[in-house]
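Q: Before anything else, here's the structure in question.
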Amino acid sequence: MLGRDLVEAFHQEDYIAYGQDELDITNKEAVFERLITVRPDVVINATGYTNVDQAEQDEDKAAMVNGYSVGVLARACREIDATFVHFSTDYVFPGSKKAGYSEEDPTGPINAYGRSKLLGEKLLIEEMELIDQSLQTEGSYFLIRTSWLYGAHGKNFVDTMLKLSSEHKELKVVNDQHGKPTFTKDLCQQVKWLIGTHDYPAGIYHVSNEDSTTWHDFAKEIFRLAKVDINVVPCASVDFPRPAKRPAYSALVNNKLPPLRPWKEALQEFIAQKERL
């Protein structure tokens, strides 16, 4: 989903996009060979192990894709002096801060997926800040945390809700998990702008559509905009036990970049876009 929207956002640029069948980021030798051959100015990593529940049973694989491979990519970018753009998640936070989490707040993931993403963050920063005989200045990177992604090119909450509404007259949706839905189109445009401005230093940035909500209220807005008549019942997370625990409050507070538009406005565009198809 994110990768295809990035391709659309950068379609006027000189770029090369690799799918997972074309470049296995868990293969260190292949990564170094490809990047040293191509020598891009910017490397954007949109890959990831994203099955939050499955990660509880397969944490080693999640750690490899979301963690160790990120360190390898970061090192390769240092070798060719490329800017590295990597995406992380609100799930690196414990979810106890009702006001949301800023870029400087301490992390503390409560599930395997969050731990794997935090491992990637730490290895990226270690590689980019490493100073030795061959790497005498710090590397250039943008570590972008985002949340609750939806878009036109992959499985997401909006499409799931609309599909379920065609099969049920009533849906129960959790109302005790708070975060910020993010339209991948807006995220990609912000990333493109951030890379192009050259006005922001390397570091961690939070990029999500503005205003916090719950999954329940997100679902209600989806159905309102899509003009779907369905009863949406609020429920607690304990009513729908999942293998991976979710943070209760994980809204990302952006203290560094110009804010994106409110999530309701972005969702309205996405729903209208789907209706035109």
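Q: Could you list, in sequence order, the residues of the range 149-199 that are among the hydroxyl-bearing types (Ser, Thr, Tyr) and out of contact with any Pro (no Cβ under 8 Å at 6 or more places or on another chain)?
A: Passing the criteria: THR160, SER165, SER166, THR182, THR184, THR197.
Q: Now, a different point. Is it true that some residue in the range 10-26 is at negative phi and in a helix (DSSP H, G or I)? Even if it seems obvious, please write down each step before you answer.
A: Our first condition is that a residue be at negative phi; within the range 10-26, this holds for 10-26.
Next cut, in a helix (DSSP H, G or I) only: none.
No, the range 10-26 has no match at all.
Q: Which one of SER140, SER88 is touching a strand residue (DSSP E or B) at 6+ places or on another chain (Cβ under 9 Å), buried (at least 22 other Cβ atoms within 10 Å of the Cβ), polar (S, T, N, Q) and under 27 Å from TYR200 (Cα atoms)?
A: None of the others qualify; the one that does is SER88.
Q: Can you tell me which residue is surrounded by the fewest Cβ atoms within 10 Å (Cβ to Cβ) among those in the range 149-185 that are outside any loop (DSSP other than H, G, I, E, B) and among the aliphatic types (A, V, I, L, M)?
A: Narrowing the range 149-185 to residues outside any loop (DSSP other than H, G, I, E, B): 149-150, 157-165, 170-174, 178-179, 182-185.
After this cut, where a residue has to be among the aliphatic types (A, V, I, L, M) as well, the list is 149, 158, 161-162, 164, 171, 173-174.
Numbers: LEU149: 20, VAL158: 22, MET161: 22, LEU162: 17, LEU164: 13, LEU171: 18, VAL173: 21, VAL174: 19.
Taking the candidates together, the pick is LEU164.
Q: Could you tell me whether the range 50-72 includes any residue that is in contact (Cβ under 8 Å) with a residue 40 or more places away in the chain, under 13 Å from MET128 (Cβ atoms), of a type outside the set (Val, Ile, Thr) and out of contact with any Ser or Thr (no Cβ under 6 Å at 6 or more places or on another chain)?
A: Checking the range 50-72: at least one residue is in contact (Cβ under 8 Å) with a residue 40 or more places away in the chain, under 13 Å from MET128 (Cβ atoms), of a type outside the set (Val, Ile, Thr) and out of contact with any Ser or Thr (no Cβ under 6 Å at 6 or more places or on another chain).
Q: Confirm whether LEU260 is within 21 Å of GLU104 (Cβ to Cβ), in a helix (DSSP H, G or I), in contact (Cβ under 8 Å) with a residue 12 or more places away in the chain and among the aliphatic types (A, V, I, L, M).
A: no
Q: Have a look at VAL233, VAL238 and point out the one that is surrounded by fewer than 18 Cβ atoms within 10 Å (Cβ to Cβ) and assigned to a helix (DSSP H, G or I). If you could, list the steps in order and put the result at the bottom.
A: Values: VAL233 fails: assigned to a helix (DSSP H, G or I).
Sole residue among the options that is surrounded by fewer than 18 Cβ atoms within 10 Å (Cβ to Cβ) and assigned to a helix (DSSP H, G or I): VAL238.
Q: Could I ask something else about it? Starting from the range 99-110, take each residue that is surrounded by fewer than 14 Cβ atoms within 10 Å (Cβ to Cβ) and list its partners that are assigned to a loop (DSSP other than H, G, I, E, B), counting only C-beta distances under 9 angstrom and pairs at least six apart or across chains.
A: Close Cβ pairs satisfying both conditions: ALA99/ALA251; ALA99/VAL253; GLU104/ASN255; PRO106/PHE93; PRO106/PRO94.
Q: May I ask you to list the residues in the range 43-60 that are of a type in the set (Val, Ile, Thr) and under 16 Å from ARG75 (Cβ atoms)?
A: Applying the first criterion (of a type in the set (Val, Ile, Thr)) to the range 43-60 yields 43-44, 47, 50, 52.
Passing the criteria: only VAL43.
Q: A follow-up question, please. Given the criterion touching a helix residue (DSSP H, G or I) at 6+ places or on another chain (Cβ under 8 Å) and at pLDDT below 95, identify the matching residue among GLU138, GLU210. Spell out the reasoning first.
A: Details: GLU210 fails: at pLDDT below 95.
Exactly one of GLU138, GLU210 is touching a helix residue (DSSP H, G or I) at 6+ places or on another chain (Cβ under 8 Å) and at pLDDT below 95, namely GLU138.
Q: Given the structure, is ALA226 surrounded by 15 or more Cβ atoms within 10 Å (Cβ to Cβ), of a type in the set (A, V, I, L, M, F, W, C) and farther than 28 Å from GLY114 by Cα?
A: yes
The values are calculated or read from the model by the stated rules, or taken from the named source; none is laboratory data. Treat the numbers as computed from the prediction; the structure is a model and nothing was measured. Note: ideal-geometry Cβ built from the backbone for every residue, glycine included; neighbour counts use all protein chains shown.
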